Amino acid sequence: MKALATYYATLNDLPDTEFKVEILEDGAVKKISVNGTVYDVDYNVGGDTIHSIIMNNRSHGVQITALDNSTYEVMNKGDYFLVNIVDELKKMRLARTKSSVIGRQVITAQMPGIISKVYVKPGDEVKAGAPLCVLVAMKMENEIRSPIDGTVKEVYIGENDKMTVGDKMLVVE
């Protein structure tokens with residue numbers, strides 16, 4: 001079964017442990033996979049932060065408070081958790097910025113979509129993090145940035161081009 005959305009969660013108490021959370025079915029009762037184990041989940045919001053969660057026919061009263069766009073405080077039966085959640089795209093971006101890259105970089109599409117803007121042409125000088133193009137995927141604009149300081153050597157894309165995963169987009173050296 002293909003996931004409708006995928007998220008990655010880490011707990012501050014267990015920084016080296018990551019949970020892959022996939023939403024498999026959306027509806028009144030959601031089918032959710034956590035590290036490959038599938039759960040049937042239903043929930044109701046009972047206030048600003050109180051959530052009634054029914055998971056595999058067991059009820060849980062959970063208090064969830066958003067601290068920012070990706071960090072949440074979770075209280076369940078007196079247990080406190082600080083949870084960080086990112087989606088697949090943010091996880092890929094974080095992985096790219098954490099690794100040091102040098103030399104020729106072939107930038108490929110990480111997801112299917114349509115190119116809506118191309119900011120560079122061959123010969124342009126770019127800094128690491130500079131926007132190169134915009135890939136629209138699932139109605140969201142994803143700005144593709146240069147992984148290194150360098151020169152744009154090749155541009156394989158144009159506006160309105162359809163991309164599939166792995167298609168070459170640009171080369172920066």
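The values are calculated or read from the model by the stated rules, or taken from the named source; none is laboratory data. Model, not experiment: these values are computed from the prediction. Cβ placement follows ideal geometry from the backbone for every residue including glycine, while neighbour counts extend to all protein chains displayed.
Where in the stretch 11-59 are there strands (runs of 3 or more DSSP E), lying fully within it, with 2 or more residues that are modelled with pLDDT under 90 and within 24 Å of SER70 (Cβ to Cβ)?
Counting at least 2 such residues, we get 14-25, 37-45, 50-55.
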From the list VAL34, VAL21, VAL62, pick out the single residue that is within 22 Å of LEU82 (Cα to Cα) and in contact with a His (Cβ under 6 Å, 6 or more places away or on another chain).
VAL62
Which pairs do you get when a residue that is over 14 Å from GLN110 (Cα atoms), found in the stretch 140-169, comes within reach of a residue that is assigned to a loop (DSSP other than H, G, I, E, B) and of a type in the set (Asp, Glu), reach meaning Cβ atoms under 8 angstrom, with the pair 6+ apart or on two chains?
GLY150/GLU173; THR151/ASP124; THR151/GLU173; VAL152/ASP124; LYS153/GLU173; TYR156/ASP167
Please determine, by comparing only the residues of the stretch 67-94 that are among the acidic types (Asp, Glu) and under 19 Å from the mean Cα position of the chain (by Cα), which one is surrounded by the most Cβ atoms within 10 Å (Cβ to Cβ).
GLU88
Considering the stretch 116-173, residues that are under 19 Å from the mean Cα position of the chain (by Cα) and polar (S, T, N, Q), and then whichever is surrounded by the most Cβ atoms within 10 Å (Cβ to Cβ), we arrive at SER146
Picking from ILE107, ILE102, which residue would you name as being in a strand (DSSP E or B) and over 15 Å from LYS162 (Cα atoms)?
ILE107
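Please note which strands (runs of 3 or more DSSP E) are completely contained in the stretch 116-173 and include at least 2 residues that are closer than 18 Å to LYS90 by Cα.
Qualifying strands (runs of 3 or more DSSP E): 131-137, 140-145.
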